[in-house]
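Below: the structure, in structure tokens.
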Amino acid sequence: MNDHPPVEHSNAQNFCALPAEHAAWNASRVAVLPVPYDLTTSYQPGARRGPQAMIEASWQLELYDTELGTEPFEVGIHTLPPLEPLVSGPRAMAERVAQAVGQVLEAGKFPIVLGGDHAVTHGVVRAIDERHVPFSVLQLDAHADLRDRYQGSQWSHATVGRRISERAPLVQLGVRSFSAEEAAFLDQANVLSVSARAWHEDHDSVERALEQLQSPVYITVDLDVFDPAIMPATGTPEPGGLGWYQVLTLLRRVFETRTVVGCDVVELAPLPGTIAPDFLAAKLVYKLVAYWQRSTPSI
């Protein structure tokens, strides 16, 4: 990547509206990449508006993290321009995402990708795979996403878990919906899937799952892992989801015990007049920065 990205955003377009001293490319250790893409959405559309909604909600965040007693923005958070979608198909889009994330990784920065539907993760994991071998993936999701093909494509939001499992060991947490095909695949796959119900009823099941995570770890968060009571703004909501503190406790533990090399937060489909889900997603992104800051030695 060049010393500077092609466009420097104004404060109003930066995540958290940070000034240049904390958001310029050369001043930042974290790079936020918005990917407004939802071509493979199969139920409620609108995830293409998710990245901008998260960025706008982030302008209202308090920058002091009360849990950790830190100001995570001090690591520097650069917001890249939104990655222009391709209409030629999800596989081509995955290649575009892989190239963009690869540039972030080559520059030594921590990537956080804002989706978009979950298909954007295909490209991110490809970029990680090209630079970190071996690695493992933690997927927080209401759905297993283990179909080999969905609606004619192997690169859908409903196949992302399957494609990840072909590259790396995959641990899924919070799952509460999958097909007969996916159930059969789980019997012989390189995947450990823990349901939301098991998480609620047997916390040790999560502990056992985390033991399977090998450093380095990539984390993909489909926002439908949360219960629709607090996160209704997703493409495919499912009842029986997780709570805010459940997810934060898990994420903090992973950052404290593993080397995390990147994250994505996907599937926010904003609802007009309902801003709480946008704010939740933005705060989750900022918490990921906070946990990474705490786990990473200063330079």
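Which condition does Val30 not pass, out of (1) farther than 20 Å from Phe110 by Cβ; (2) touching a strand residue (DSSP E or B) at 6+ places or on another chain (Cβ under 7 Å); (3) among the β-branched types (Val, Ile, Thr), if it passes all the others?
The single condition Val30 does not satisfy is (1).
State which residue pairs qualify: first residue in contact (Cβ under 8 Å) with a residue 12 or more places away in the chain and aliphatic (A, V, I, L, M) and inside segment 183-208, second residue surrounded by fewer than 18 Cβ atoms within 10 Å (Cβ to Cβ) and assigned to a helix (DSSP H, G or I) in any location, beta carbons under 6 Å apart, and separation of 6 or more residues or different chains.
These pairs meet every condition: Val194/Ser205.
Which helices (runs of 4 or more DSSP H) does segment 195-299 wholly contain that include 1 or more residues that are within 19 Å of Leu63 (Cα to Cα) and among the basic types (Lys, Arg)?
Details: elements: 196-201, 203-210, 244-257, 276-295.
It comes to 244-257, 276-295.
Tell me, yes or no, whether segment 198-218 has at least one residue that is among the β-branched types (Val, Ile, Thr), under 18 Å from the mean Cα position of the chain (by Cα) and closer than 25 Å to Thr40 by Cα.
Quick first cut of segment 198-218, residues among the β-branched types (Val, Ile, Thr) only: 206, 217.
From the residues that got through so far, the ones that are under 18 Å from the mean Cα position of the chain (by Cα) too are 217.
From what's left, closer than 25 Å to Thr40 by Cα: none.
No, segment 198-218 contains no residue that is among the β-branched types (Val, Ile, Thr), under 18 Å from the mean Cα position of the chain (by Cα) and closer than 25 Å to Thr40 by Cα.
Can you tell me which residue in segment 211-227 is surrounded by the fewest Cβ atoms within 10 Å (Cβ to Cβ), limited to those that are closer than 13 Å to Gly174 by Cβ and not charged (D, E, K, R)?
Just the residues of segment 211-227 that are closer than 13 Å to Gly174 by Cβ, to begin with: 219-227.
Filter again for not charged (D, E, K, R), leaving 219-221, 223, 225-226.
Working: Ile219: 23, Thr220: 27, Val221: 26, Leu223: 30, Val225: 25, Phe226: 28.
It comes out as Ile219.
Quick one: Asp38 ticks every box in (1) surrounded by fewer than 20 Cβ atoms within 10 Å (Cβ to Cβ); (2) within 20 Å of the chain's Cα centre (by Cα); (3) acidic (Asp, Glu) bar one, so which box is it?
Failed condition: (1).
For Arg167, only one of the following conditions fails: (1) more than 16 Å from the chain's Cα centre (by Cα); (2) closer than 20 Å to Tyr43 by Cα; (3) buried (at least 17 other Cβ atoms within 10 Å of the Cβ). What is its number?
(2)
In segment 52-97, which residues are touching a Phe, Trp or Tyr at 6+ places or on another chain (Cβ under 8 Å), of a type in the set (Gly, Ala, Ser) and in a helix (DSSP H, G or I)?
Ala57, Ser58, Ala94
Working carefully through the options Glu267, Glu256, Glu238, find the one that is touching a helix residue (DSSP H, G or I) at 6+ places or on another chain (Cβ under 7 Å), without any contact (Cβ under 8 Å) to a residue 40 or more places away in the chain and of a type in the set (Asp, Glu). Spell out the reasoning first.
Details: Glu267 fails: without any contact (Cβ under 8 Å) to a residue 40 or more places away in the chain; Glu238 fails: without any contact (Cβ under 8 Å) to a residue 40 or more places away in the chain.
Checking each option against the conditions leaves just Glu256.
For segment 116-159: of the residues being under 23 Å from Glu106 (Cβ atoms) and basic (Lys, Arg), which is surrounded by the fewest Cβ atoms within 10 Å (Cβ to Cβ)?
Here the answer is Arg131.
Do we have Ala107 as of a type in the set (A, V, I, L, M), over 19 Å from Ala209 (Cβ atoms), surrounded by fewer than 21 Cβ atoms within 10 Å (Cβ to Cβ) and in contact with a helix residue (DSSP H, G or I) (Cβ under 7 Å, 6 or more places away or on another chain) here? Let's see the steps before the verdict.
On the way: of a type in the set (A, V, I, L, M): yes; over 19 Å from Ala209 (Cβ atoms): yes; surrounded by fewer than 21 Cβ atoms within 10 Å (Cβ to Cβ): yes; in contact with a helix residue (DSSP H, G or I) (Cβ under 7 Å, 6 or more places away or on another chain): no.
For Ala107, the condition - of a type in the set (A, V, I, L, M), over 19 Å from Ala209 (Cβ atoms), surrounded by fewer than 21 Cβ atoms within 10 Å (Cβ to Cβ) and in contact with a helix residue (DSSP H, G or I) (Cβ under 7 Å, 6 or more places away or on another chain) - is not met.
Every number here is computed from the coordinates shown, using simple stated rules; none is lab data. Since the model is a prediction, treat every value here as computed from it, not as a measurement. Ideal geometry is used to build each Cβ from the backbone, glycine not excepted, and the neighbour counts take in all protein chains shown.
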